1. What are the ³J(HN,Hα) couplings of region 152-163, residue after residue, when phi is run through the Karplus curve with 6.51, -1.76, 1.60 and θ = phi - 60°? Round to Hz, x for glycine and proline.
2. Please give the solvent-accessible surface of residue 193 in Å², to the nearest 10, using a probe radius of 1.4 Å with every protein chain present.
3. For region 180-254, what does the convex hull of the Cα positions come to per residue, in cubic angstrom?
4. How charged is the neighbourhood of residue 467? Take every other residue with its Cβ under 13 Å from the Cβ of residue 467, and add Lys/Arg as +1 and Asp/Glu as -1.
5. Efficiency by 1/(1 + (r/R0)^6): what FRET value for residue 416 and residue 385, r their Cβ-Cβ distance, R0 = 35 Å, to the nearest 0.05?
6. Just for the Cα atoms in region 377-418, what are the lengths along the principal axes, largest first, rounded to whole Å?
7. Once neighbouring chains are kept in place and the probe is 1.4 Å, which whole percent of the accessible area of region 260-378 is contributed by carbon and sulfur?
8. Would you calculate the volume per residue, in Å³, of the smallest convex hull containing every Cα atom of region 333-437?
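The values are calculated or read from the model by the stated rules, or taken from the named source; none is laboratory data. As the structure is a prediction and not an experimental result, all values here were calculated from the model. Methodologically, a virtual Cβ is constructed for each residue, glycine included, from the backbone with ideal geometry; neighbour enumeration extends over all protein chains shown. Side chains are part of the model used for accessible areas, which takes the heavy atoms of the whole protein and leaves out ligands, DNA and RNA. Shrake-Rupley method; radii C 1.70, N 1.55, O 1.52, S 1.80 Å.
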Amino acid sequence: MLANALLTLSVALLFLGSFKSLKVIQIFGRRRGGLCLGIGMAGAGLFFLPDVWRVWQPGEEPIALGRAAIGLFMSLCLYRGISHLARQFNAGPDSAEALRSVEDALEESESRYRSMLAAMTEGAILRDGEGRVLAVNAAAERLLGRRGEELKRLAEDPSEERLLAADGSEMDPRDLPSLVTLRTGKPIRDFTIGVGRPDGQFVWLKINSTPLIRRGAARPHGAMSTMTDVTEARHIEEELRRSHERTAAILESITDGFLSVDRQWQLEFVNSSAADMLGVHAEDLHGKDLWEALPDIRGSSLGAHFRAAMDNDEVVHFEEYFESGAEWFAGTVYPFEGGISLYFRSVTDEQKARQALSDSEDRFRTLAENVPVVVFLCDPSPGYRILFLSEAVFKLTGRPRQDFLSGDISFEELYHGDDLQGVLAEVDAALAERRSYSLTVRIRHMDGTWRWVEEIGVGVFKENELLYLEGYFVDVTERRRVHERQSLMMAELDHRVKNNISTIMALAQQTLARSADLTEFSESFMGRIGAMARTHEALAATRWDGVVLRDVLRLTLAPYVGLVDGRIESEGEDFSLPAAAAAPIGLALHELTTNAVKYGALSHESGQLHIQWRRDGDDVLVTWTERDTGANGRPVPQPASHERPCAGGLGMTLLRGLIEYELGGTVRHELTPEGLTCELRIGLVDLRDDGGRLP
């Protein structure tokens, strides 16, 4: 712009010099005066004309400035020389020739001056000290859409002229830069105005006005204005302004906080959401230094994020807790050419919700890990991938839960083949109908055994979307075993009650038939009923889970231990009799004991009873031996078989009925002079509840 001013001043000096040259031309004539003036103007023109082009070329300003300064100096020297010649030629009639030479020079100079104005790309208007337009170049005419004469007329009567100030308001023609320069004597630079053209359009111009002041004068005697078309730039600036306004409106409307700072950390924009979240007023932040306006972030992690984005030109994401506001914020810092911008929002509620969810999950896991069931959570995608499984799965399956979580094994592989399809069908149906399901299935343990499991599950939905399948497994193997045992016991009880009633009825009938009187009947019958009662009492003590043979024998002999102390010996293994065999064996031993007390070894003080039992494969072998050696050590003769009821009476009938017919065993009976030997063999495999061997 300085080169432009110097160039304008040089042209003005040449223009004024042309008036001085008139005197010289009058003396020397047009040819010699123009030649004289042209010699001087040619030198200045060598500098002026190229600079008219250079001033407007990017990168040429320094060269144009130097040449314009030299041109100004040459124009000043030429002006002073012409003035001096004019004074000399005015001194007398002898100077006429010199004056004509000057006249010719000035004419040539003015011609060049006008050519230079016409060649300028900038519009140029020259005004005299009264504001009248003296000269207008072609560029100005094109810009303003008016001829020079019309512009001169408008200068006299500006009422038709339409002018706008830079802010778009109407402008008083008296405030034109050239007129202000004439009033103040000061140059005006880069003054923007809008000028109405005859075609109805406005052209926006950037004007520089320079005063023309004679040496020693207090006021300018003219002003030179140059103008440049900035309409396109103005439109771009206007569009940019509107774009900025739209952007600002959008940023003001969002609920996220937004702020931007330039490379000098000056806050350029802060929306109201950001100001509210930071606890400040937005108008107090614009144009302020970031670190001074928001001192709390200087040493915070957010400040570190700002510097990282600015220094490293990288996008930074963060989620931080700020103690100053007791708030959680999440945001992103974006670098751009002019600085950085920050989008952020408060996530305090989300953090609280996440914390509550985390606490809930912790409570869920604590509960799931401490209940005696296997809690599971599955992805609803095909295959039902396990997302969570409690530690209790190890006890249920013998496999660590990591095997299931990693996918090395699935529950589908553990279901019993007869149960798998039913499980899958029921789960799919329950999810489709949005209900829970409950199944009792078999799952294979790692040791090869099958566990009965109750599986209960339900789908968790969000609107119409299935999120996951959750539920639990309960090991009901023992419960099922107890239930089966209870069912078996009820069936067994029903069976035994019926058998006992039948047995009692048979005992009553047979005892009555073999008894001489009611006293004998009562004694025999009550003894047998007592034996049955004692065996049932022993079974009740074990909840009908069997009874030890030694205990049955002890209960049978208990009424006589005090009477035959030391004469009864027993030996054998300790093993349990099935409940189905206990009562018949107890009653059989009662018959043998009663017979021994009445007629056998226990009926004499010298008699001995020896009872032995042992396992013989899957059978139990009981040997009953009675001996009576008498007082002198010789055997006491036994009663004849027809005299001893056990040999062929009711006792033997009961014994065979109990062992052979009810238990499927055998009875071997032998009566010798030395005593009685009775061997009972009982096969118990078919009598056990589980069909297994004797324990």
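1. So the Karplus estimates, Gly and Pro as x, are 5, 5, 5, 5, 7, 9, x, 5, 8, 7, 10, 10 Hz.
2. Number for this one is 0 Å².
3. On the way: hull volume 9.3 nm³, N = 75.
Measuring per residue, one finds 124 Å³ for the Cα hull of region 180-254.
4. Values: positive: 434, 462; negative: 379, 463, 465, 470.
Charge balance near residue 467 sits at -2.
5. It comes to 0.95.
6. 27, 27, 15
7. About 49 percent, which is the carbon plus sulfur part of the accessible surface.
8. Once divided by residue count, the hull of region 333-437 is 200 Å³.
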